[in-house]
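A short worksheet on the structure shown next.
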Amino acid sequence: MLNTFPFTELTLEVSFQPVGLGRDQTLVGEDGQPTSAPEAPLQLGLRADNRLEIAVIDRGGTVRRVASRQPVTDTRWQHVVATIAGDALTLWMNSGAGWEHEGRVPCPGGLVLHDGTWTVGRGFHAGKLARDAQALIDEVQISTRGLGREEWLWSTP
């Protein structure tokens, strides 16, 4: 079970093809509510403004977010890699033209320790399951270490 690992490092890889845009939706998440905030320990998804976002709660209980610089504007396949390594949360995206570094924020200590269920296509918000994905989702891989770029599922064309 993934929740038995001490997630001081993490690599989350996902391919998705949006079917609907313009609403909050979760592609991959970990459910549960370890804090008094409505946030889940980890959520990767699209916001209503169509920007891809990874949001995690770090070991200190702080929510850390990284969003794509540009919104997803069409329904072609997108490849995403989010890592927690070296006390930072980093997001990369590949829409078919190579990898783009979307951003990086501090994430001291890694992901909060929490027993929860990992979900694909459904998230957790305000104490309940919510924000279902309107997307085709494939090739989900979760690693318990920060993988180097050469170890990711997809290579640059």
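For the reader, a short list of remarks on this structure follows.
- Most mobile listed residue (Leu42, Leu52, Leu147) in the chain, GNM with C-alpha springs under 10 Å: Leu147
- Reference-scaled alpha-carbon Rg (2.2 N^0.38 Å with N residues) for the chain: 0.95
- Efficiency of FRET from Cβ geometry, Leu113 and Gln17, R₀ 25 Å, rounded to 0.05: 0.15
- Estimated distance in nm for a label pair at Glu139 and Val105, the labels positioned 7 Å out from Cα along Cα-to-Cβ: 2.7 nm
- In the context of the full set of protein chains, region 24-157 has a per residue accessible area of 46 Å² (1.4 Å probe).
- Apportionment of accessible area to carbon and sulfur, the chain, percent (1.4 Å): 48 percent
The values are calculated or read from the model by the stated rules, or taken from the named source; none is laboratory data. Predicted, not measured: the structure shown is a model, and the values here were computed from it. Heads up, the Cβs are rebuilt from the backbone with ideal geometry, glycines too, and the neighbour counts pull from every protein chain shown. Heads up: the accessible areas ignore ligands, DNA and RNA and are worked out on the full protein's heavy atoms, side chains in. Shrake-Rupley method; radii C 1.70, N 1.55, O 1.52, S 1.80 Å.
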